[in-house]
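Participant: What follows is a structure written as structure tokens; I'll ask about it next.
The values are calculated or read from the model by the stated rules, or taken from the named source; none is laboratory data. Keep in mind that this is a model prediction, so the values were computed, not measured. Note that each Cβ is placed from the backbone with ideal geometry, even for glycine, and that neighbours are counted across all protein chains shown.
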């Protein structure tokens, strides 16, 4: 009888804890990511400078930290450059960002890029 009660108490504690951890690890990042939208993505590639300009809009009710990661790729999809920018956005904020890379190699004239963003809860 005591073992059964002990097992029930442990399960009553462990199951909500486990689901809370799973929610925080897998569900919350995707929910937070939906609070921030990227718009007006405008790449400019010239001989010496590659740049991407974009807008970031926050649609939540609390402040969040947003990390933008831009990775420049060559013709073989190898990484040749990386830009990262961290922003703190409050409710209804909109910010415009420019991420650039100086092309020092004169033989490299074309590039592609991938853009990703992660959103975390602002602890301040």
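Participant: When you scan region 71-88, do you find a residue that is in contact with a strand residue (DSSP E or B) (Cβ under 6 Å, 6 or more places away or on another chain), closer than 12 Å to residue 36 by Cβ and surrounded by 13 or more Cβ atoms within 10 Å (Cβ to Cβ), even just one?
Facilitator: yes
Participant: Just a yes or no: is a residue in region 32-39 surrounded by 10 or more Cβ atoms within 10 Å (Cβ to Cβ), at pLDDT below 65 and under 25 Å from residue 94 (Cα atoms)?
Facilitator: no
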